[in-house]
Every structure is written in C-alpha cells, then in structure tokens.
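A.B. asks: Pasting a structure here, questions to come.
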Amino acid sequence: MYNEIDLDKIDINSEPPTEEPARQYYFMAKCRQIVKLESERLGRPLYACTQTFGCQMNARDSEKLAGILEQAGYKLTEDENADFVIYNTCTVRDNANQRVYGRLGFLNSMKKKNPQMKIALCGCMMQEESVIDKIRKSYRFVDLIFGTHNIFKFAELLCTMLESESMIIDIWKDTDQIVEDLPVERKYPFKSGINIMFGCNNFCSYCIVPYVRGRERSRNPKDILREIEALVADGVVEIMLLGQNVNSYGKNLEEPVSFAGLLREVEKIKGLERIRFMTSHPKDLSDELIQVMKESKKICRHLHLPLQSGSTRILQAMNRRYTREQYLELALKIRREIPDIAITTDIIVGFPGETPEDIEETIDMVKQVKYENAFTFIYSRRTGTPAAAMENRVPEETVKEGFDKLLKVVQDTARERVALLQGQVHTALVEEKNEQDTSLMTGRLSNNTIVHFPGDDSLIGKIVDVRLEECHGFYYVGEMV
Ligand code: 5AD
Ligand code: SF4
C-alpha cells in the first residue's frame, strides 16, 4: 500500500529507476521540484483540476490522478480556471465525446487569457485513433494526451509535459501490467471504489469498452484485501468493488478465485460496514453469489443487472449470451432469495433491427422484474464495433417513440417499487449536505435509495437510522430516529 513515501528523499539527479512503482515516485519527486520553482516564481500555489466523464471506473481513475497531482505539489480545485486541467474522458456513447469537445472549446478561451495553463486529456475516448487525429488537427492547445492502459505512468507523463513545449501523445494499444501502490486522493473520506479487475472480454456487439479498456485482467485477491484494509484503517466504511463484469472476476488468475469467494474474504474485514459492487453480467451470475449475498451482513441489498433488451432476438444480435427467459428466471430467483433487494438495470433502445414489438418485449420485462431504477440509453453507433456495420438502422422517430414509452413504464414501476418502503426505518450512510436545502442531509440506504432528512455536517460518514416518510419517486424525505 502507498504509505506516504518521502518523495523529498529521492535523488532526482540520478537516472530514473526502471521498475514500477519506484519509477513513478521518482517522477512525482521531479514534478514536485518543477512545481515548487514555478510556484516560487509566481508567488502563489499552482492549482490543478480533474474533471471526470463517465462511469465509476473513471471516477476511481480520477482519484488516482488527483493523488499524483497532490504529491507533485499542486493544490486541487474544482475550478477549471487552473494551472493544470485534466479531462478523464468516456466514449461509451457519442454524446460523451461531444461534451468533451464542447468543454475543450471553453478551456481554449481560458488558456488564451492564461497561456501558461496546461491541458491534458486521458481515458477511454483517447484510445480511439479518430479522436487523436481530430485533437491533433483542431485542438492544438492540448498539452498532454494519454490513454487507459498507461494511466499508471501519469507522473512520468506529467513531468515530460512540464519540461516540454510541444504536445505529448502517448497511447498504448493494450497492457497486461497492473501497477499497485500509487497514491490516491479520495473524493469521500468514508467511502471508496476499488478496482478488482480491468477490461472486458465480452464483446457485446454495440460496446466499445473491450476496445478501449482492453482484455480482462483481475487483480490479485491479496492486493485487493490489503487495499481495503488500509482504506478501512483510514476511515472508509463502505466500498464498491469495480469491474466491467465482476462476475467473471478471478477466472484468469494463477490460482483462480470466484467473485463470491472474494466477497467472502472482504466480508471478514473488521470495521468495514458495507460492500457494493458494479457491474454484473447476467450470464455469469452464479448461485454461489446469490447465496453469499443472502448470508452476508455487509453486502448491500442492491444488484445492478444490465438487461439491455427484453427481446431474445435483439439480445442475440447484441451478443449478450442469454435469452429473455434466462434473464427473467434469474431476476425472479434473486427477488425470491433476497426479498429486500433492489434490482436496477441498463437498457438500450434503437439497436439495429429493433422493432416496436421488440420494445414491447422490453417493456414487458420491466413490468415483470419491476426495477427500482433503470438507466435507459438511445443506441449510439460506435466505430469499430460489430453493430456499427449492421445495416438495419432504426429511424430516429421510431427510436424516440419507443424510448418515451419505455421511460414512462420505467418511472411508473420504479415509483411503485420504491413506495413499498414508505414508513419503514432503514439504516442510511450519510454522504453529504443537500445542495438545494442545506438544513437537510443526504443518505443512501443499503438498497441504494436516497433519503434526505434534517441533520447537520457532523453526521457525514456515519450510518444512522432513518424513517422513510415521503416517497418522491426515486428518493425519500425522512426523519432520523
Ligand atoms: N449505445 C448506447 N448505450 C450503450 N451502452 C454501452 N454501449 C452503448 C452504445 N453503443 C450502455 C449499456 C451499458 C451502459 C454502461 O451503457 O447499457 O450497460
Ligand atoms: Fe460493454 Fe458488454 Fe463489456 Fe459491459 S459486458 S463493458 S456492455 S462489452
């Protein structure tokens, strides 16, 4: 575990070490020297801002970037009017890319006023060649670009950027390397994400993730447990185990371990109160996992189980490797075995060849499973994926109609499910002050439902009992008991 290595003791005039993570500590020390000199010259601290697009994985990666920036001597800020700004990008759907381009335009105008500002881009979008070409051509003011596979080298890349005047681009096609023990700056002191695996081998036909995040690699269980123990010692009570497909965790390790087996070990960690995980693929969800969840006192009563479509024909074209019937049987089994569980899902509307009848099948599935929440997405064509070459595209109007119809059913069934908790007392982990009404605190139930209730800052990070009084669709207003 990274435990405050004394960077000031590193001799930055010697050659950099070749092994990791020592090499990165060396470059952190070197950056620290450069940042210090610049800060003395300006007579003020240097500020750095990380902005995250996309999923929990990226949020965790950004905490790693922030940890390194802090070690390099930057003060972290949310304000993009900073000396160093890094966008950790997402490319799962095209609107994520468009947002990055839009925001870059805005950063350029800031850089014109403050020419010493440095701008970096990293994350999934940077793994696409067409994106790099476009930035090279039309966004010349960007100083550093790297991808998902070499994020562990951020300190080294930052150092190269600080010593150079030209655009630095370093993109790797893939890696099998997992570098442990780099610093992390957590957003929340009391909860944390933990990567248990990287990449994805599923190749769902619409999805770009396997191309930009590479092949599936699991972390060693010992490293995961050691990291969680250190987090707990540092005040963390809730963790979220992160992977594109946590149910296939450990299959490729030298000594294979199942995800359920890993959860059993995590459960034993003293002081840890809550365990979450994301994301499960229905095809790999084992009975052993259901059993472990059922018996656990710490695993939260929430399962995110992406459906994508309720039509077997579309599921097959999506390469999801389960049928409508198999999914339904699994979801109902989970509801039967763990009655207080909340099931949430992801659904795509407008996949090539999807008909209004297919949408009806998806809607029927939502009605039967009664999801507590469902994230609905319009299909986005991703260059290089098998679905991008499919010719039977769905007209925009049909997509929109299907989407609106589905959304209405999702909202109605979710409201109905969430309303079942009315009047009950549940434990909530208090996460933050409510932004709109500062007399209220916001907490999260084990089943992931949000509750707002009167309280003060001293409750943040604590687990308290709350009576759920008024249901407002996806969230509650309540009272501490
Ligand atoms: N278009 C629309 N939605 C997509 N997702 C992944 N790829 C695409 C795409 N090309 C959705 C899936 C996945 C979620 C993270 O994003 O529903 O579960
Ligand atoms: Fe994409 Fe499918 Fe892998 Fe999820 S499981 S990241 S949807 S390829």
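A.B. asks: Residues of region 185-229 being of a type in the set (Asp, Glu) and within 15 Å of ligand 2 (Cβ to nearest atom), which ones?
C.D. replies: Within region 185-229, just GLU216 meets the criteria.
A.B. asks: Could you check, for region 320-341, whether at least one of its residues is loosely packed, with under 15 Cβ neighbours inside 10 Å, away from ligand 1 (no atom under 13 Å from the Cβ), free of Cβ contacts under 8 Å to residues at least 12 places away in the same chain and under 26 Å from the mean Cα position of the chain (by Cα)?
C.D. replies: Looking through region 320-341, none of the residues is loosely packed, with under 15 Cβ neighbours inside 10 Å, away from ligand 1 (no atom under 13 Å from the Cβ), free of Cβ contacts under 8 Å to residues at least 12 places away in the same chain and under 26 Å from the mean Cα position of the chain (by Cα).
A.B. asks: For region 161-193, give me the residue count where each residue is surrounded by 15 or more Cβ atoms within 10 Å (Cβ to Cβ), modelled with pLDDT of 95 or more and not aromatic (Phe, Trp, Tyr).
C.D. replies: Residues in region 161-193 being surrounded by 15 or more Cβ atoms within 10 Å (Cβ to Cβ), modelled with pLDDT of 95 or more and not aromatic (Phe, Trp, Tyr): 10 in total.
A.B. asks: Looking at region 202-211, is at least one residue part of a loop (DSSP other than H, G, I, E, B), within 16 Å of ligand 1 (Cβ to nearest atom), touching a residue at least 60 places away in the same chain (Cβ under 8 Å) and open to solvent by 30 Å² or more (accessible area, probe 1.4 Å)?
C.D. replies: yes
A.B. asks: Yes or no: LEU307 free of Cβ contacts under 8 Å to residues at least 60 places away in the same chain and open to solvent by less than 20 Å² (accessible area, probe 1.4 Å)?
C.D. replies: Against the criterion (free of Cβ contacts under 8 Å to residues at least 60 places away in the same chain and open to solvent by less than 20 Å² (accessible area, probe 1.4 Å)), LEU307 does not qualify.
A.B. asks: Hey, SER39 hits all of (1) at pLDDT below 95; (2) touching a Pro at 6+ places or on another chain (Cβ under 9 Å) but one; which does it fall short on?
C.D. replies: Just one mismatch for SER39, condition (1).
A.B. asks: Being polar (S, T, N, Q) and open to solvent by less than 10 Å² (accessible area, probe 1.4 Å) narrows it down to one of SER280, SER296, SER286, so name that one.
C.D. replies: Step by step, each of SER280, SER296, SER286 is checked, and only SER280 is polar (S, T, N, Q) and open to solvent by less than 10 Å² (accessible area, probe 1.4 Å).
A.B. asks: Let me ask something else about it. In this structure, is TYR139 within 16 Å of ligand 1 (Cβ to nearest atom) and either hydroxyl-bearing (Ser, Thr, Tyr) or buried (at least 19 other Cβ atoms within 10 Å of the Cβ) (or both)?
C.D. replies: No.
A.B. asks: Given the structure, is VAL409 over 19 Å from MET318 (Cα atoms), more than 16 Å from ligand 2 (Cβ to nearest atom), outside any loop (DSSP other than H, G, I, E, B) and in contact with a Phe, Trp or Tyr (Cβ under 7 Å, 6 or more places away or on another chain)?
C.D. replies: No: the conditions fail for VAL409.
The values are calculated or read from the model by the stated rules, or taken from the named source; none is laboratory data. Remember, predicted model here, so these are calculated numbers, not experimental data. Every residue, glycine as well, gets a Cβ built from its backbone with ideal geometry; the counts of neighbours run over all protein chains shown. Quick note on the areas: whole protein, heavy atoms, side chains included, nothing else; ligands and nucleic acids left out. Shrake-Rupley method; radii C 1.70, N 1.55, O 1.52, S 1.80 Å.
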